[in-house]
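Take a look at the structure below.
A short reminder: the numbers here are calculations on the coordinates, not readings from a lab. What you are looking at is a predicted structure, and each value in this text was computed from that prediction instead of being measured. Positions of Cβ are backbone-derived with ideal geometry, glycine not excepted, and every protein chain shown enters the neighbour counts.
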Amino acid sequence: HILVDEFQDTNFLQWSIIKKLTEEWRAGFGAKRELMIEPTIFLVGDEKQSIYYFRGANVEVFSNAKDELKHWFPESKFSYIEIRDNYRSLQSIIDFTNKVFGQIMNPKDEAPAWKTRYSAFERRRKNEHRGRVEIILTHCEGNMEERRGKEAELVAKRIISLIGNLYVYTKEEEKKTCSFGDITILLRKRTYLSLYEQTLRRFAVPFVVLKGVGFYEEPEVAFLRSFISFLADPSDDYNLYCVLKSPLFGFSERDLFMINQEVGPSLFYRLKKFGEKDHKRSGDIKCLEKWLHQCHEMPLSLILEEMMGERQGWRVFWQSQPRANVKKFIHIVEDFDREGRHILRIRDYFEKNMAKEEEPKANVSPEGVDAVRIMTVHAAKGLQFPVVFVVGLDEKVAKKDIESLLVEERREGEVVIRYQPEYSLRRSDRLFLEKRYKEEEEEKRLFYVAVTRAKDALFLSGIWNTHQTSRLGWLKESLHITETDKGFKIGEEI
């Protein structure tokens, strides 16, 4: 018996392997047949959730396999079951999903197999409350970073307004007020992740990033890097400045101005002279001098642990993500201590790797943590959340350019490779254009996956624009959203 789950994410090569595994018994031979055991093949998937075209998945395999199975088995042995029951979402979210995707996933009968066809959901969840769907739009004439910044502020403010005011439901369908831990922000990609993080911090919204990157750019990690750089070289004015300005030491700009009125070759020298006059800061200076002395006698990781304890660092970085990042950083230093690395080599390692944007943040389990989750739509596939924010509606989903090299599995046993360096020729080439249309079709499926993660409330946000090849463009098309003097208007009830 063969069971293939998530079949929509397979390709023709993988399907050919499955066919090889079944070849013998389909022909009526093999040990199982001789023992009168009837083999079966069971494929489970959803074409609308095929979102891995960029790494080789081919949604066409789904419909091709269905046709082949019909050919393999007699009608009495073959069954195709399309499940339309929805046990996850409240009625408003289902109505919205049916309305939007019934419009944008509605190809003609003769359309190719990679065109996605939508079938409407029916609610089976035993909860009569309608739930909520909101589309949050605003204007911004700036560049993309400014647009995302303005949107991030809107999202942060809306999240704060929901806490204690919006009702969500437990697994037992008991009503409760919304908390931060009920909310998830879904990103199409991580390009502006740091901007959303900065904005949520500014509005004091606790959050965790699942499968996030940019570890070395996080504020708590940047502080620890600066602390190590100062211990390695006490004349490093810049990194000492970062340490003193951090919340663990709390020196103000006025303090630093007064320190720099002293005369001396380095900031640390001037700090010590300043401490002779201002005894309120003498404790800070003694701590720094102690750790400078210890860094040549004891493991650096122990000094970091001691510093975090003495300076109330665990209270400062109390949220789950910063706390986990600090622990990850200390574990990295522990490994270097075991190798016997000198502090200068440890400092050099962090200076070399601080620009590595792909370094993952510490893994944080969101279970039991009252914090907003942030993740990509791909990471959210298969999950569900009481409240979902789908952001960046106005981002263009079609690439500006078509890549000059095309490598694609067209059908079983056939791979097409075509190179066309001239952009003007790529724009009129059937294969290059078809690839672009397939990518746009996958963006619709990615949008569908994002929307259908929501159980009780769905919020969609973006900046108003006229682009049609965006998720906002699809909403304007399906819901007849127009710009008015007073803001925006949906042309008909959902």
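Number of Lys-Lys pairs in the stretch 368-456 under 17 Å by Cα, sequence gap 8 or more or different chains?
11
Could you give the dipole magnitude of the stretch 215-353 about its Cα centre, charging the beta-carbon of Lys and Arg +1 and that of Asp and Glu -1, in debye to the nearest 20? Could you put the intermediate results ahead of the total?
Details: 21 positive and 23 negative charges, 59 e Å.
Computed about the Cα centre, the dipole is about 280 debye.
Between helix 320-339 and the chain, what is the angle of the helix's C-alpha long axis to the longest principal axis, kept within 0 to 90° and rounded to the nearest 10?
70
Between the DSSP loop rule and a limit of at most 15 other Cβ atoms within 10 Å, which trypsin sites (Lys or Arg not before Pro) in the stretch 400-484 are left?
Working: sites: LYS400, ARG410, ARG411, ARG418, ARG426, ARG427, ARG430, LYS435, ARG436, LYS438, LYS444, ARG445, ARG453, LYS455, ARG471, LYS476; in loops: LYS400, ARG427, ARG453.
Those that pass, being in a loop and sparsely packed, are LYS400, ARG427.
Please give the net charge around VAL415, taking every other residue with its beta carbon less than 10 angstrom from that of VAL415, where Lys and Arg add +1 and Asp and Glu add -1.
On the way: positive: ARG410, ARG411; negative: GLU408, GLU409, GLU414.
That sum, taken over residues with Cβ under 10 Å, equals -1.
Return one number: the angle in degrees, 0 to 90 and rounded to the nearest 10, between the long axis of the Cα atoms of helix 430-451 and the longest principal axis of the Cα atoms of the chain.
The answer is roughly 70 degrees.
How large is the charge dipole for the chain, taken about the Cα centre, if only the Cβ atoms of Lys, Arg (+1) and Asp, Glu (-1) carry charge, to the nearest 20 debye? Could you put the intermediate results ahead of the total?
Values: 81 positive and 81 negative charges, 136 e Å.
Using Cβ point charges on Lys, Arg, Asp and Glu, the chain gives about 660 debye.
Taking the dipole about the Cα centre of the chain, with the C-beta of Lys and Arg at +1 and of Asp and Glu at -1, give me whichever of GLN14, GLN91, TYR448 is farthest to the positive side.
The one lying farthest along the dipole's positive direction is GLN91.
Before rounding to the nearest 500, sum -39500 (n - 2.57) across all DSSP H runs of length at least 4 in the chain and divide by the residue total; then give [θ] at 222 nm in deg cm²/dmol.
Helix-only estimate at 222 nm: -13000 deg cm²/dmol.
Hey, what angle do you get for helix 60-72 against the long axis of the chain, alpha-carbon based, 0 to 90 degrees rounded to 10?
40
Give the peptides 377-383, 214-220 in descending order of average Cβ contacts within 10 Å, highest first.
Working: 377-383: 16.3, 214-220: 19.3.
Packing order, densest peptide first, comes out as 214-220, 377-383.
With equal scatterers on the alpha carbons only and no solvent term, can you work out the Debye log10 of I(q)/I(0) for the stretch 345-494 at 0.09, 0.13, 0.16 1/Å?
With one equal scatterer per Cα and no solvent, log10 I(q)/I(0) is -0.50, -0.91, -1.08.
Roughly how many Å is it from the Cα centre of the stretch 358-395 to that of the stretch 306-338, as a whole number?
With the stretch 358-395 and the stretch 306-338 each reduced to a Cα centre, they are spaced 24 Å.
Please compute, over every Cα-Cα pair in the chain, the percentage with a separation greater than 43 angstrom.
Details: 42456 of 121771 pairs.
Considering the chain, 35 percent of its Cα-Cα pairs are separated by more than 43 Å.
Quote the charge dipole size of the stretch 116-206 about the Cα centre in Debye, to the nearest 20; the model charges only the Cβ of Lys and Arg (+1) and of Asp and Glu (-1). If you can, show how the numbers build up before the last one.
Values: 20 positive and 13 negative charges, 62 e Å.
Using Cβ point charges on Lys, Arg, Asp and Glu, the stretch 116-206 gives about 300 debye.
Too long at a 32 Å Cα-Cα cut-off: which of LYS48/LYS327; LYS108/LYS476; LYS277/LYS361; LYS19/LYS115; LYS150/LYS489?
Values: LYS48/LYS327 40 Å; LYS108/LYS476 21 Å; LYS277/LYS361 42 Å; LYS19/LYS115 24 Å; LYS150/LYS489 21 Å.
Listed pairs above 32 Å: LYS48/LYS327; LYS277/LYS361.
Please work out how much length the chain gains when fully extended from LYS175 to SER63, using 0.36 nm per residue of separation minus the C-alpha to C-alpha distance, in nm with one decimal.
Details: separation 112, 0.36 × 112 = 40.32 nm, distance 4.16 nm.
Extending this stretch completely gives an extra 36.2 nm.
In the chain, what percentage of the DSSP-assigned beta bridges are antiparallel, given to the nearest 5? Numbers along the way, then the final one.
Values: 15 of 43 bridges.
Of the beta bridges lying entirely in the chain, close to 35 percent run antiparallel.
Can you give the net charge of the other residues whose Cβ lies under 15 Å from the Cβ of THR466, counting K and R as +1 and D and E as -1? Write out the running numbers ahead of the final one.
Working: positive: ARG147, LYS396, ARG471, LYS476; negative: GLU141, ASP394, GLU395, GLU477, GLU483.
Summing Lys/Arg as +1 and Asp/Glu as -1 gives -1.
Which distance in Å, rounded to a whole number, links the C-alpha centroids of the stretch 38-77 and the stretch 415-466?
Centre-to-centre distance over Cα atoms comes out at 23 Å.
Over the stretch 215-353, what relative contact order in percent results from Cα pairs under 8 Å that are six or more residues apart?
Details: 107 pairs, mean separation 38.1, N = 139.
It rounds to 27 percent for the stretch 215-353.
I'd like the GluC sites (Glu not before Pro) in the stretch 364-447 restricted to DSSP loop residues with at most 10 other Cβ atoms within 10 Å, sorted by number. Walk me through the numbers before you get to the answer.
On the way: sites: GLU367, GLU395, GLU403, GLU408, GLU409, GLU412, GLU414, GLU422, GLU434, GLU439, GLU440, GLU441, GLU442, GLU443; in loops: GLU367, GLU395, GLU403, GLU412, GLU422.
Filter output for the stretch 364-447: GLU367, GLU422.
Translational diffusion coefficient, Stokes-Einstein: compute it for the stretch 242-321 using the Kirkwood radius over C-alpha pairs as Rh, at 4 °C and 1.567 mPa s, and state it as an integer in µm² s⁻¹.
Details: Rh = 13.8 Å.
The diffusion coefficient I find is 94 µm²/s.
Using a 10 Å cut-off on Cβ atoms, rank the peptides 175-182, 147-154 from the highest mean neighbour count down. Mind dumping the intermediate values first?
Numbers: 175-182: 16.6, 147-154: 20.0.
Sorting 175-182, 147-154 by mean packing, highest first, produces 147-154, 175-182.
For the stretch 215-353, just the Cα set please: Rg and Dmax, both in angstrom.
For the stretch 215-353, the Cα-based Rg and Dmax read 14.8, 42 Å.
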